[in-house]
Amino acid sequence: MLDVSREEITEGSIVRSLLVLAVPLVVQNLVLAAQQVVDTFWVGRLGENAVAAVGAVFPVTAVLFSVTTMLFTGTQVLVSQRVGADDLAGARRAVFHGVTFAVATGILITTVVVVGGDAIISVLLSDGDVIPLASTYLLWYFLLFPFASMSDTLEGGFIGWGDSQGSMYANVSAVVVNVVLDPFLILGWGPFPRLEIQGAALASGAGYTTGFLLMAAMYLRGRDDLRFTREAVGFDPSEYREIVDIGLPRGTQRAAQQTVRVVIIGLVSAVGGAAGLAAYNIGAQISTVAFVPAGGLSNAAQSVVGQNLGADRPDRARQTTWVGAAIAAVGLTAVGAFQWVAPEFIVTTFVPDMSEAGVALAVDYLQILVLGYWAIGAMYVFEAGFNGARRTKVTMLAGLFKYWVVRLPIAAVGALWLDYGVHAVFWAVTLSNVVGVVGAGLYYYYTTNNGMLQRAAEQAGASAD
């Protein structure tokens, strides 16, 4: 029921292909979002400062994960286009090169964090009670990062191949390990020592490692003809270059977006203190639950677009993007309904000891976020439409515009000069999402009416040859 063949992706129902590929990814992303919510729940038992510390580290980790985003996107798009063109050997070769690249970059990033993590946190935060907690969490979170990097890159290969179930199995297993370990390592249940913030980070690392081991086992054993082969082994500079050419703009976009979030964390810390940081973190974590359907649909659309372009079907690639954007916009609006009507219940459930000021700020942020959920959903799929066509530079520029030209100025001017405090940051997030999706939709309409997808199909065919 949840299987879709390569022939169905390029010739069958677009809606069915999108949904069949998306369902395992949505389940996977819901579980990942639940992991973040559960982490917040257990860390919340340590108090408001601990929640603020984890929230402050989150955008820093996202900046560092931008390298993984580059490898994931480059591998997924290259694999999907080669599979669409029936170049299965070339697709397997792309997966191997992506994974070996992930090993090297993962070790490099872990080294950077070990050497410079304390300095990064000291520059970012001004609250003396939060800084040591954030530094501890960052260091221990990244000790096992190379496994996360390899796992994500393999995931991109499986999804590009059209097998989203393999990715789901690995990620669900990773989350189960993380969630089970959380209370034992954070609060010291049973024979385990009470490690608090350090325990939260180690539980996440153990989960990532578990996910990689399962993903690697599936890759070595093989699923739906995607498997490790001797013919795929090699260290071809042109393969690495092609992965980077496709994925680098996407990774740059992710880094630029998260850098803005790092700056905004510093802004929230300055004008809102621990209460503001905790509220911002709760909004970020809870909103991930709403984003997961769009994220799953986006990854599915990226593969469907890529395979159809590889099969010289640009008309289906275009239709996939518009259908996916409509589904995502409607779906996220529905998901946000509960968040709109019961924000205080959500906040007090996860952080029962939060200050009155923190609760009030978190409630306001959750309701403001809901107003832009439809825009986030559609934006995810428009980005997939460009990425599947190798136009990742477009999504990079769209992200830079949304975050640097719209979000950061509104947040900074409103918080520092107009005295709206952290509420200026909250509104900047929603307004930038709406402006971003309107611009992306109009540009997608313009470029596809001027032959973008036809040229992308020609390029995909040439790459397979």
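Throughout, read-outs are computed from the coordinates displayed, never taken from laboratory work. All values derive from a computational prediction rather than experimental measurement. Please note: Cβ atoms are built from the backbone with ideal geometry, for glycine as well, and neighbour counts cover all protein chains shown.
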Restricting the calculation to Cα positions, tell me the Rg (one decimal) and the Dmax (whole number) of the stretch 313-363 in Å. 18.3, 56
How large is log10 of I(q)/I(0) for the stretch 297-394 at q = 0.14, 0.15 Å⁻¹ when the intensity is taken from the Debye formula with one equal scatterer per alpha-carbon? -0.62, -0.66
Largest first and rounded to whole Å, the semi-axes √(5λ) derived from the alpha carbon gyration tensor of the stretch 324-465 read 36, 18, 12
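Apply the membrane-span-like helix rule to the chain: whole DSSP H runs, Cα extent along the own long axis of at least 20 Å, mean Kyte-Doolittle hydropathy at least -1.0. List the helices found. Intermediate values should be presented prior to the final figure.
Details: long enough: 14-43 (42 Å, 1.58); 48-64 (25 Å, 1.58); 66-84 (27 Å, 0.65); 88-124 (48 Å, 1.57); 145-161 (24 Å, 0.44); 164-187 (35 Å, 1.24); 197-221 (37 Å, 0.91); 237-310 (50 Å, 0.47); 314-341 (42 Å, 0.51); 356-370 (22 Å, 1.45); 373-388 (23 Å, 0.62); 422-448 (39 Å, 1.05).
Flagged H segments are 14-43, 48-64, 66-84, 88-124, 145-161, 164-187, 197-221, 237-310, 314-341, 356-370, 373-388, 422-448.
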Label-point separation in nm, E458 to D129, each point 7 Å along Cα→Cβ: 6.4
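Would you mind calculating the relative contact order of the chain from Cα pairs under 8 angstrom and at least 6 residues apart, reporting the percent as a whole number?
Worked out over the chain, it gives 24 percent.
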Semi-axes of the equivalent ellipsoid for the chain, Cα gyration tensor, largest first, Å: 35, 25, 19
Distances longer than 17 Å among the Cα atoms of the stretch 190-278: what percent of all pairs is that? 76
Suppose R0 equals 22 Å; then what is the FRET efficiency for R230 and I107 from their Cβ-Cβ distance, rounded to the nearest 0.05? 0.30
Overall Cα dimensions of the stretch 149-194, principal axis frame, Å, largest first: 43, 18, 11
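With each run of n ≥ 4 DSSP H residues scored as -39500 (n - 2.57), what mean residue ellipticity at 222 nm is computed for the chain after dividing by its residue count and rounding to the nearest 500 deg cm²/dmol? Before the final figure, lay out each step's value.
Details: 18 runs with 381 residues, N = 465.
That comes out to -28500 deg cm²/dmol.
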